[in-house]
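Taken together, the values in this text are just the output of simple stated rules run on the coordinates, not laboratory data. Computed from a prediction, not measured in an experiment: that's the story for all the values here. Ideal geometry is used to build each Cβ from the backbone, glycine not excepted, and the neighbour counts take in all protein chains shown.
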Amino acid sequence: MPWTPAEMMVVAAARRLRDEERVLVGIGLPNLAANLALRSHAPRLTMVYEAGVVGARPRRLPLSIGDPCLVEGARAVLAMHELFSWYLQGGRVDTGFLEAAQVDRFGNLNSTVIGAYNRPKVRLPGSGGACDIALLARRTLIMMPHRTERFPERVDFITSPGCTARRCLSWAGGGPEAVITDLGVLEFDTEGEMYLAAVHPGVDEAKVLAQTGWPLRCAQRIAETPPPTPEELTVLRDLDPAGVHLRRGR
Amino acid sequence: MSSGKVTTLTEAIARFVHDGHTVYLAGFTHAIPFAAGHEIIRQRRRNLILARATPDLICDQMIAAGCARKLIFSWGGNPGVGSLRAFRRAVERGELEIEEYTHFAMLSRLAAGASGLPFFPLRSLLGSDLPGVNPQIRTIRCPFTGEELAAVPSLRPDVTVVHAQRADAEGNVQIWGIVGDQREAAFAASRVIACVEEVVDELVVANDPNRTMVPGEVVSAVVAVPFGAHPSYVQGYYDRDNQFYIEWDGVTATPDGYAAWLDAWVHGVRDRQEYAARLGQGRLAQLQTPTRYTAPVNYGTFS
């Protein structure tokens, strides 16, 4: 079954979620990938949404992360402050699952502005819960399309701290574990620097390096992501038949 | 018997929302008080400080209409779709003052306001660039462990507006589904306007007090506004109008698009009833969801 790079990105990201773990699902592509994981290899995944929903099992894909379909069949609905305080800050989130406009060499995420904060070229939505999630989840997974302008050496604004800034904070969670893109999978070494760990089928290393804004380091042996299975593609296309969510991943 | 809180939206806004006020329109995606926002636009309030974790389309409309001088927020996008274009234009041109937080920080500010505390500590924000652009984000050393935490000041809106499924005439507000920021935002405010789909008999509330999220003590006005949260939703009453959110992106591609929309849907209607009539029975019917009751619970009787 033929597939697009955006579909490969969602499938590869979904596969990183483990059955029975608790994932705090961010808006956009992570929402699509988490719902794919729940419907494929991780049926006991606990999806947590910052709106306050714990253990969501939506029958349709929520467009926003506060949709009514998240409440139907969920295990609990908390007030938002309770969710952030007791669930996230209380250490009950295994994985934070985020998207951003930019990610840099050390996994800092920007979802606030392109350009200077006070004179932005592009004003983006801002943190929402992203900074809170990046600092407090046990690990963070990030997904975004791989383009040079989205992979600068230094992000224009640190909305959500990555590997370096977090080191000064004794209470912070585990930080970024991987960035899953439409070209491959990037992980972080012990110094907190990003490196290329895997490429998706049909993608060569040179293409990834060309679309990264700094001299990206590579694993000694770069793995190749297994292609999406027909089952994964079927579930994914059923989730987003009009391609509303995937369009942004192209 | 009547406390005199039950009123119309026109009167409630005229009486409680004044130029220069800090106004918190509550509701995270669920039950956003759009009708109240539109009434504020119709009554041409100016220089408002709008506070809302997720400004959503309602703040975008109020910014486009010229009501706001400042926005206090934590996520300013069109959920699942993209940008809020009036917000974005105003910030990119330096026409709107902003004060920006994370969701956790914004909710902590409300929790402090509701609790009568001057600030709230939290483990977040540090290491990000937000404290560098918002001097209201500070640090505090824990007097017990010595660790450094972030601290944000309390937020005390002049007026909070909530929208909910139902309330009695005293303003005991019952909400189910996503509760979001509604309780903290109500308790933190000097005045609360409660817009509801239905005003119900006090016994309906008294028979199920666990569902009361905002007690009448903190509510100044109760207004029946059926369909008052469209295009957001009210759990069990109508679905989110996702099509509206998707189409909004095209409608607002130009400033003229905003003006035409506000003329037709805000200034061009007298109230929410006319707005609903203009949407039409077909659109409203599409948003109706099948009824699904939960099992009754036994509270017992004690004499």
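For chain B, modelled as a GNM whose springs connect Cα atoms under 10 angstrom apart, the maximal fluctuation among B:Leu48, B:Leu122, B:Leu107 occurs at B:Leu122. State the Cα centre-to-centre distance between the range A:81-104 and the range B:16-39 in whole Å. For the range A:81-104 versus the range B:16-39, the Cα centre distance is 28 Å. Of the peptides B:4-10, B:275-281, the ranking by mean beta-carbon count within 10 Å, highest at the top, reads B:4-10, B:275-281. Past the 18 angstrom mark, what percentage of all C-alpha to C-alpha distances in the range A:147-250 do you count? Roughly 59 percent, rounded to a whole number.
Taking every DSSP beta bridge with both residues inside chain A, roughly what % is antiparallel (nearest 5)? For chain A, the DSSP antiparallel bridge percentage is about 45. Quick one: of the DSSP bridges fully inside the protein assembly as shown, what percent are antiparallel, nearest 5? Given both bridge residues lie in the protein assembly as shown, the antiparallel proportion sits at roughly 40 percent. Distance from the C-alpha centroid of the range A:108-166 to that of the range B:127-155: 20 Å, rounded to the whole angstrom.
Counting only the Cα atoms, the range B:177-248 fills a convex hull of 114 Å³ per residue.
Over chain A, what is the relative contact order in whole percent, taking alpha-carbon pairs under 8 Å and six or more residues apart? Relative contact order for chain A comes out at 20 percent. Antiparallel as a % of all DSSP beta bridges within chain B, to the nearest 5? If I count the DSSP bridges inside chain B, around 35 percent turn out antiparallel.
With only Cα atoms counted, the protein assembly as shown has Rg and Dmax values of 23.2, 79 Å. Across the alpha-carbon set of chain B, the Rg to Rh ratio works out to 0.98, Rh being the Kirkwood radius. When the convex hull of its Cα atoms is viewed from all sides, the range A:5-242 shows a mean projected area of 12.9 nm². The mean number of partner chain beta-carbon atoms within 10 angstrom of a residue's beta-carbon across peptide A:134-144 is 2. The simple spin-label model puts a point 7 Å past each Cα toward its Cβ; for A:His41 and B:Phe244 those points are separated by 4.1 nm. If you take the Cα centroid of the range B:187-224 and the Cα centroid of the range A:55-80, the two points sit 24 Å apart.
Who wins for biggest fluctuation among B:Ala229, B:Ala86, B:Ala259 in a Gaussian network model of chain B, springs between alpha carbons below 10 Å? Between B:Ala229, B:Ala86, B:Ala259, it is B:Ala259 that shows the largest mean-square fluctuation.
When chain A is treated as a Gaussian network with alpha carbon springs shorter than 10 Å, the biggest mean-square fluctuation among A:Leu136, A:Leu83, A:Leu183 belongs to A:Leu83.
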